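Worksheet: the structure to be examined is printed underneath.
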Amino acid sequence: MSASPPSTVYLLDVDNTLLDNDRVVDDLHAFLKREFGGACRDQFAAILEERRATLGYVDYLGTLQEWRRQQPMDMRLMSVSHFLLRYSFASKLYPQALEVVSHLGRSGRTVILSDGDVVFQPYKVARAGLASAVDQRVLIYVHKEAMLDDVARRHPADHYVLIDDKPRIAAAVKQRWGDRVTTILPRQGHYANAADAASHRPAADIVVERIGDMLDLELGRSTGC
């Protein structure tokens with residue numbers, strides 16, 4: 001009698017993996033320039049990038065709070081909050097992103113695994129339709145690569161497949177889990193295409209040019225699942 005196949009959990013990142021967050025940021029910058037002018041747009045962008053460098057993710061909430069601290073009497077800042085809360089994140093999903101989630105769900109359990117703040121990131125995941133696509137299995141940490149024990153406790157599996165656009169994250173998870181995980185890097189967004197992307201070791205097990213290419217992978221053979 002052949003052994004039953006091992007259980008597999010697919011850990012799916014959000015920003016620049018399933019959702020084109022670079023385009024979201026571009027739209028936000030365009031809104032800021034139109035409503036506040038280029039100087040204010042640049043000030044906001046500088047705070048956003050400083051917090052991204054510190055935290056490792058785009059922190060809209062923290063950026064707005066810091067901007068308000070610097071501009072305590074500017075009530076126009078509320079319009080930025082309204083822009084983000086009304087933004088159509090679903091329209092910025094990469095082509096075939098939801099099909100990929102559904103496709104993976106037929107051979108294992110799909111889980112959103114993201115970095116982000118505790119307020120806006122869950123809202124964005126839900127607003128984009130991703131929370132419902134994985135039956136509300138959403139994990140959001142400050143630094144997810146440091147929380148793998150908690151991930152495994154919540155979603156035990158014989159094998160994990162991490163799909164993430166950040167070479168640094170893929171390398172860190174591979175270093176920790178070794179053969180327990182297959183790492184897949186969609187070459188999308190500024191992290192995957194940064195000048196130092198190839199410096200992170202170990203490199204991803206599989207590289208795809210776009211998330212939709214996941215539909216063409218023979219997962220049982222390619223990932224060891």
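Quick notes
- Pick from region 1-51, criterion among the hydrophobic types (A, V, I, L, M, F, W, C), free of Cβ contacts under 8 Å to residues at least 24 places away in the same chain and not in a helix (DSSP H, G or I), ranking: surrounded by the fewest Cβ atoms within 10 Å (Cβ to Cβ): Met1
- Odd one out for Thr54 among (1) closer than 22 Å to Gly189 by Cα; (2) not assigned by TED's automatic domain parsing to the domain that holds Val208; (3) not in a helix (DSSP H, G or I): (3)
- Under the condition of being free of Cβ contacts under 8 Å to residues at least 12 places away in the same chain and within 24 Å of Glu99 (Cα to Cα), the residues counted in region 136-155 number 1.
- Leading residue by the ranking (surrounded by the most Cβ atoms within 10 Å (Cβ to Cβ)) among those in region 57-99 that are hydrophobic (A, V, I, L, M, F, W, C) and not in a helix (DSSP H, G or I): Val58
Condition check ((1) closer than 19 Å to Asp59 by Cα; (2) in contact with a Phe, Trp or Tyr (Cβ under 8 Å, 6 or more places away or on another chain)) across all residues:
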residue: Tyr87; (1), (2): yes, no
residue: Asp117; (1), (2): yes, yes
residue: His143; (1), (2): yes, no
residue: Asp158; (1), (2): no, no
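- Evaluation of Ala170 against (1) out of contact with any Phe, Trp or Tyr (no Cβ under 8 Å at 6 or more places or on another chain); (2) surrounded by fewer than 19 Cβ atoms within 10 Å (Cβ to Cβ) (one fails), failing number: (2)
The values are calculated or read from the model by the stated rules, or taken from the named source; none is laboratory data. None of these values were measured; they are calculated from a predicted model. Backbone-built Cβ (ideal geometry, glycine too); neighbour counts: all protein chains shown.
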